[in-house]
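Written below as structure tokens is the structure these notes are about.
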Amino acid sequence: MNLKSEISLIVSRAIESAVGDGLLADPCETVERKVEYPREQKFGDYAVPFALESAKILRKSPMEIGGVLAKYMEADRKIASVDVVKPGFINIFISREFLFENLIRVIRERESYGRASREWPRKINLEFVSANPTGPLNIVSARAAAVGDTIANMLEFAGDIVDREFYVNDYGNQVLLLGKSVLARIRELRGEKCEFPEEGYHGEYVREIAAHIAEHEAGEMSRIGGEETLVEFVAKKAVEYNVAGQKKDLEGFNVSFKTWFSEKTLHEKGAVTGMLDRMKSSNSVYTSEGKVFFRSTDFNDDKDRVLMRDDGRPTYFLADIAYHQDKIDRGYDLIVDIWGPDHHGHITRLAGAMKAIGFDEKNLKILIAQQVNLMMEGETVKMSKRLGQFSTMRDLLEEIGTDVARYFFVMRSLESHLDFDLTLAKKESSENPVFYLQYAHARICSLFREAEKRGVAYDQERAFREHLDNEESLVLMKHLARFPEEVADAANTFEPHRITTFLMKVAQAFHKFYTEHRIITEDHERTVAYLALSDATRVVMSNGLRLLGVSAPEQM
RNA sequence: GCGCCAGUAGCUCAGUGGAUAGAGCAACGGCCUUCUAAGCCGUGGGUCGCAGGUUCGAUCCCUGCCUGGCGCGCCA
């Protein structure tokens, strides 16, 4: 259990005891046992607003309530002291003994420090990126990839089982149009006359796909008779080519999916039409003008949505419902989708449909990764390949590398529109926040190289606590103790940017400690104590960076 | 017109129903004969978009408005 949860438990027990001793009326469950971080360090390490929030119900002043609870709470050895101040805050100071014990624990647990286990882990399906297989991945996909993978990492670290999934929309008009476009380019390559399809894919990459298919599939193509079959064949090959490219780009970005789920297979095995039948029995479906509608207006949508067109072709929406049913059938407790900003309008209707077929909507979580603006020298960069400016994820990675890209995508909250400052991202200097974190890690590694060179015997069991009784060490130890709860909070709220914010604080606390205290000295006991603190910091930095998918270099 | 996201320091953004609203970058001024100065310390800078409301208390919750972005297909 992490420290914050333990504090919460201590508060609950204090309330229970006070009620038992007749000093407090029973608040039951009316007021949450919240634990917060005080605005300022001098107020303490944790603050509990319970007294303020329960004053009305308990018919006592917040100060009185706080006074009663403080006595009970101080008995816990994790707590050094409890202050009840002004309006009625209960401010808690963590004991140095606990901080020191935790320090040793960090070093012992290393890679697993901060990892939580659950008695009943949730089986979670996290679907993200899911870009159309009609071309290379763009910048928004890159953001979704970074954020999605980090969320998956956090959830796993917090004790859940997470499967990463990519939904491949390899069915329907878009794919057909891609096939036609590629086929046209192939014919062009061969010097044949042909018309380029209206509204086809004009991107330069289509020529690359055409060249690739023309080279590798010429034999197969020549055996195919009939334009339609040929288009289908080319489309299939083009999709394979694009998916392979997307997979490769994502792997270069440290993101790998357990499942690449083909939409086409849903149609082929009849799951889509099967879902239509199921929907029809739900009471929320009606037929009009030969089309089948879902009455999504019953679920807060602004209009009803078509499931089946009058020509008998299912809509994407129907397939999407079937797809989510498939996830349910695969036994997931929680289904999480990360969508692009252009899909936010679909949330209501999908949630409605899921509800209509009897799925508990709290087990479906849809996150929207907001748009990304590339900025350069303070100007918005138009993402246009024709202008010689890059627009793909691959271009971006070639420009700034995986570490910087992942960090920048994750450092802002998901629902914020992200201004991606390329000028800053490209700087390999202190101005770039990624390096600030990595530098802290590298600096510690360097310390240990130096210690080894000087023959210092580092044995954490001989790290004496009295040497860590200074401001900088204490602040640092407190941050280290917070790591498990920061991960848990970030995972529970699906907010990976909390990790970057937290790691900044750890790095800051370490740099400060490093500047104020010389670590390797003639005083062996102190040296070992300082090395232990540095070692523990290294563990937290490394574990945190691992969650972000950012490397923790040993030297810079 | 409707919907979603956002409006906090010069810029990019954190943040919380409560205690003097923070960080990074930018600006300015200090700190390396000793473990990595990709660092540390300090200074300046804010009517938390506007107006109401709920509350003992609102930057945070509610309503209205303004501004910016995106979306509003029987495409996927």
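To keep it simple, each residue is scored yes or no on (1) at pLDDT below 95; (2) closer than 24 Å to residue A:145 by Cβ.
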site	(1), (2)
A:253	yes, yes
A:259	no, yes
A:271	no, no
A:283	yes, no
A:289	yes, no
A:300	yes, no
A:316	yes, yes
A:326	no, yes
A:330	no, yes
field: Unmet criterion (only one of (1) in contact (Cβ under 8 Å) with a residue 12 or more places away in the chain; (2) within 19 Å of residue A:160 (Cα to Cα)) for residue A:493
entry: (1)
message: Yes or no: the stretch A:483-491 includes at least one residue that is at pLDDT 95 or above and open to solvent by less than 10 Å² (accessible area, probe 1.4 Å).
response: yes
query: Looking at the stretch A:367-386, is at least one residue open to solvent by less than 30 Å² (accessible area, probe 1.4 Å), at pLDDT 90 or above and either within 11 Å of RNA strand B (Cβ to nearest atom) or in a loop (DSSP other than H, G, I, E, B) (or both)?
result: yes
- prompt: Can you tell me which residue in the stretch A:412-448 is surrounded by the fewest Cβ atoms within 10 Å (Cβ to Cβ), limited to those that are within 7 Å of RNA strand B (Cβ to nearest atom) and modelled with pLDDT of 90 or more?
  reply: A:446
- line: Over the stretch A:254-283, the set of residues closer than 12 Å to residue A:170 by Cα, open to solvent by less than 30 Å² (accessible area, probe 1.4 Å) and not small (Gly, Ala, Ser) is A:261, A:263, A:266
- line: Within the stretch A:125-177, residues being within 15 Å of RNA strand B (Cβ to nearest atom), in a helix (DSSP H, G or I) and more than 16 Å from residue A:260 (Cβ to Cβ) number 12
task: Please work out which residue is farthest from residue A:403 (Cα to Cα), limiting yourself to the stretch A:538-556 and to residues that are within 13 Å of RNA strand B (Cβ to nearest atom) and out of contact with any Cys (no Cβ under 6 Å at 6 or more places or on another chain).
output: A:538
- request: Kindly indicate the residue of the stretch A:303-318 that is near RNA strand B (Cβ under 8 Å from one of its atoms) and assigned to a strand (DSSP E or B) and also least open to solvent (accessible area, probe 1.4 Å) among those meeting that condition.
  value: A:314
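Is it the case that some residue within the stretch A:513-520 is closer than 30 Å to residue A:160 by Cβ and within 11 Å of RNA strand B (Cβ to nearest atom)?
Going residue by residue through the stretch A:513-520, those that are closer than 30 Å to residue A:160 by Cβ are none.
No, the stretch A:513-520 has no match at all.
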field: 2 or more residues within 16 Å of residue A:474 (Cα to Cα) and either among the β-branched types (Val, Ile, Thr) or out of contact with any Asp or Glu (no Cβ under 7 Å at 6 or more places or on another chain) (or both): qualifying strands (runs of 3 or more DSSP E) within the stretch A:17-124
entry: A:79-85, A:89-94
message: Quick check on my filter: what residues within the stretch A:229-253 are crowded, with 22+ Cβ neighbours inside 10 Å and aromatic (Phe, Trp, Tyr)?
response: A:253
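Residue-by-condition table, conditions (1) hydroxyl-bearing (Ser, Thr, Tyr); (2) open to solvent by 30 Å² or more (accessible area, probe 1.4 Å); (3) under 22 Å from residue A:336 (Cβ atoms):
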position: A:128; (1), (2), (3): no, no, yes
position: A:134; (1), (2), (3): yes, no, no
position: A:138; (1), (2), (3): no, yes, yes
position: A:146; (1), (2), (3): no, no, yes
position: A:157; (1), (2), (3): no, no, yes
position: A:160; (1), (2), (3): no, no, yes
position: A:172; (1), (2), (3): no, yes, no
position: A:179; (1), (2), (3): no, no, no
position: A:196; (1), (2), (3): no, yes, no
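The values are calculated or read from the model by the stated rules, or taken from the named source; none is laboratory data. Keep in mind the model is a prediction, meaning the values are calculated, not measured. Note that we place each Cβ from the backbone using ideal geometry, even for glycine, and neighbour counts take in every protein chain shown. The area values use the complete protein model at the heavy-atom level, side chains included, leaving out ligands, DNA and RNA. Shrake-Rupley method; radii C 1.70, N 1.55, O 1.52, S 1.80 Å.
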